[in-house]
Amino acid sequence: VHLVVVGGVAAGLAAASRARRLDAEIEITVLEKGDVVSYAACGLPYLIENRIRQPEQLVLHKPDFFLRERDIRVETGAEVVEIQPQRQTVRLQSGKTLNWDRLILATGARPVHQWPEHPRLFALNTLGDAVRLHKHLAQTPPGRAAILGAGYIALETADALRHRQWRVTLHHRSADLLHRHDKELTRRLDRILNAHHIDIVHNHEVNDPLRLDADLVVVAAGLRPNSELAAQARLELGAASAIRVSPQMTTSHPNIYAAGDCAEVVHLVSGRPAWIPLGSTALKMGRVAGANAAGHRERFGGVVGTSIFRLCGLGIALTGLSAEQARQHGFEPVEVWIEAPERARYFRGRTAAVQLVADKRSARLLGASIIGQDGVAGRINVVAAALAGRMLLPDFVNLDLAYAPPFSTPVDPLLVAAQQLMKSC
Ligand SMILES: Cc1cc2nc3c(=O)[nH]c(=O)nc-3n(C[C@H](O)[C@H](O)[C@H](O)COP(=O)(O)OP(=O)(O)OC[C@H]3O[C@@H](n4cnc5c(N)ncnc54)[C@H](O)[C@@H]3O)c2cc1C
């Protein structure tokens, strides 16, 4: 059996490695069009910040590691340009053709806008993008930077450049930070940005980034799935043109799987397909695709839309749906924002802002946002678990959460928010 994997980063290598762990005999080839595999894209903003000083620190393994340790052949500079599902082959840019018995697509995502190359214009999607910007920053004194976009990558990039004394302005086509349709969240993030001298221009559609008054421009305005190969092979596409997959990660072709940023997921709160490209999800999808391609039967149930990032020394974390998103999915949402100390005041506890959203009709918990300094990841993960378990607010409010003065307060901020929200349910 020959398993061919297209894409050599998170999902592709998780899939290949899992297939090998479950089957020592299967032949495995990973085809990657770039010249680097197995790197941590999530660390790219910290290279820009200069917290991580060498790009090589973000490369986990080189191709020879996979051959030596896992008997997986990894080919770089190997771009697949066509899938022939009937003949079970892929054709490479080089003209070479490879046969497969099972195929896994892990082709990732790319920026929506591709601008012509220009010395002042940067992206932050791949390691190559980050290396280019990192080199530029090393050779250029701090000046004015413009960033296009309002997702977490745009905000992380703004924060990284601010750390390096650049004067940063974010330009965003709407007035909705993090695409959450949440005015209060946007207002709170605006306040944080302003307090740290990062300017933001809402409702500004930038048609030509080079006309912005800035010494460098980073475009981080939207991604789209790399699903063209799948479309050309007539595989079914779904949310946001990502590849439609079953919980076993099979596409509409029984021997072709897809995983990671190129594929859609099920959102367990809305119950609908969604496209939420994240590394944490890509690894899980990859493992399941690899296991099933190796003849096992595993499933990936879906996500609740949990994410976290750092901004100006704070953790910003989200899970589930905002109230407006919940309304769009047919719920009758009620929400609350509270501010409460993260730990005992005599332990210099700072204030965290916590938002909870629930459905008024069923009292089911639907989502949360947390902005704070300590324990943000732990708290959002509690809500994520509650969402995955379809927990109701009256059960959530009594959760037995850990307390000691250095870590929390006797009534955790999450439970303070839940108590408040109970009044609206
Ligand atoms: C700056 C930044 C910060 C991030 N931070 C976080 C974070 O904090 N937390 C988090 O969970 N996620 C984060 N992510 C997202 C995370 O990195 C991605 O979700 C993850 O890399 C997706 O993995 P993947 O394997 O699906 O796709 P990718 O990592 O995009 O890899 C796909 C690979 O396929 C290759 N490929 C595409 N087409 C072909 C072809 N035709 N032939 C051969 N090869 C092909 C590409 O060259 C690419 O190397 C971040 C991403 C970026 C860019």
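The values are calculated or read from the model by the stated rules, or taken from the named source; none is laboratory data. Model, not experiment: these values are computed from the prediction. Please note: Cβ atoms are built from the backbone with ideal geometry, for glycine as well, and neighbour counts cover all protein chains shown. Just the protein is used for accessible areas: all its heavy atoms, side chains included, with ligands, DNA and RNA removed. Shrake-Rupley method; radii C 1.70, N 1.55, O 1.52, S 1.80 Å.
The residue list A352, A358, A326, A402 contains one member that is surrounded by fewer than 19 Cβ atoms within 10 Å (Cβ to Cβ) and of a type in the set (A, V, I, L, M, F, W, C), which is A402. A search for C-beta distances below 7 Å between a residue of the stretch 52-71 that is charged (D, E, K, R) and any residue that is assigned to a helix (DSSP H, G or I) and modelled with pLDDT of 95 or more, counting only pairs 6+ apart in sequence or on different chains, returns R70/S17; R70/R20; D71/R20.
For the stretch 271-283, the candidate set comprises residues that are without any contact (Cβ under 8 Å) to a residue 60 or more places away in the chain and of a type outside the set (G, A, S); within that set, the residue that is nearest to the ligand (Cβ to nearest atom) is L278.
With open to solvent by less than 30 Å² (accessible area, probe 1.4 Å) and either touching a His at 6+ places or on another chain (Cβ under 9 Å) or within 15 Å of the ligand (Cβ to nearest atom) (or both) as the only criterion, which of A240, A221, A231 stands out? Answer to the check: A221.
Residues in the stretch 102-146 that are without any contact (Cβ under 8 Å) to a residue 12 or more places away in the chain and of a type in the set (A, V, I, L, M): A138 only. For the stretch 188-218, a residue qualifies if it is open to solvent by 20 Å² or more (accessible area, probe 1.4 Å), within 19 Å of L137 (Cβ to Cβ) and aliphatic (A, V, I, L, M), and the qualifying residues are L210, L212.
Looking for something out of contact with any strand residue (DSSP E or B) (no Cβ under 7 Å at 6 or more places or on another chain), more than 15 Å from the ligand (Cβ to nearest atom) and not aliphatic (A, V, I, L, M) - is there at least one such residue anywhere in the stretch 85-100?
Here is the first cut: in the stretch 85-100, the ones out of contact with any strand residue (DSSP E or B) (no Cβ under 7 Å at 6 or more places or on another chain) are 86-87, 94-96.
In the following step, the residues that additionally are more than 15 Å from the ligand (Cβ to nearest atom) were identified as 86-87.
Within this subset, residues satisfying the condition of being not aliphatic (A, V, I, L, M) are 86-87.
Yes - at least one qualifying residue is present in the stretch 85-100.
Listed by position, the strands (runs of 3 or more DSSP E) enclosed by the stretch 107-150 include none that has at least 2 residues that are away from the ligand (no atom under 11 Å from the Cβ) and of a type in the set (S, T, Y). Can you list residue pairs whose Cβ atoms sit under 6 Å apart, with the first residue in the stretch 405-425 being among the small types (G, A, S) and the second being open to solvent by 30 Å² or more (accessible area, probe 1.4 Å)? Count only pairs 6 or more apart in sequence or on different chains. Every condition considered, the pairs that remain are S408/R343. Against the conditions (1) crowded, with 21+ Cβ neighbours inside 10 Å; (2) within 17 Å of H172 (Cβ to Cβ), H267 satisfies every one except (2). Counting only residues that are part of a helix (DSSP H, G or I) and either farther than 19 Å from F309 by Cα or open to solvent by 40 Å² or more (accessible area, probe 1.4 Å) (or both), the stretch 151-167 holds 4 of them. In the stretch 49-91, the residue that is farthest from A145 (Cα to Cα) out of those that are aliphatic (A, V, I, L, M) and open to solvent by 60 Å² or more (accessible area, probe 1.4 Å) is L67. Candidates in the stretch 45-56 are the residues that are within 14 Å of the ligand (Cβ to nearest atom) and either touching a His at 6+ places or on another chain (Cβ under 9 Å) or among the acidic types (D, E) (or both); of these, the one that is farthest from L133 (Cα to Cα) is R51. Regarding the stretch 135-143, can at least one residue be identified that is touching a His at 6+ places or on another chain (Cβ under 8 Å) and surrounded by 15 or more Cβ atoms within 10 Å (Cβ to Cβ)? Within the stretch 135-143, not a single residue is touching a His at 6+ places or on another chain (Cβ under 8 Å) and surrounded by 15 or more Cβ atoms within 10 Å (Cβ to Cβ). When restricted to residues that are near the ligand (Cβ under 10 Å from one of its atoms), open to solvent by less than 10 Å² (accessible area, probe 1.4 Å) and not in a helix (DSSP H, G or I), the stretch 8-30 contains 2.
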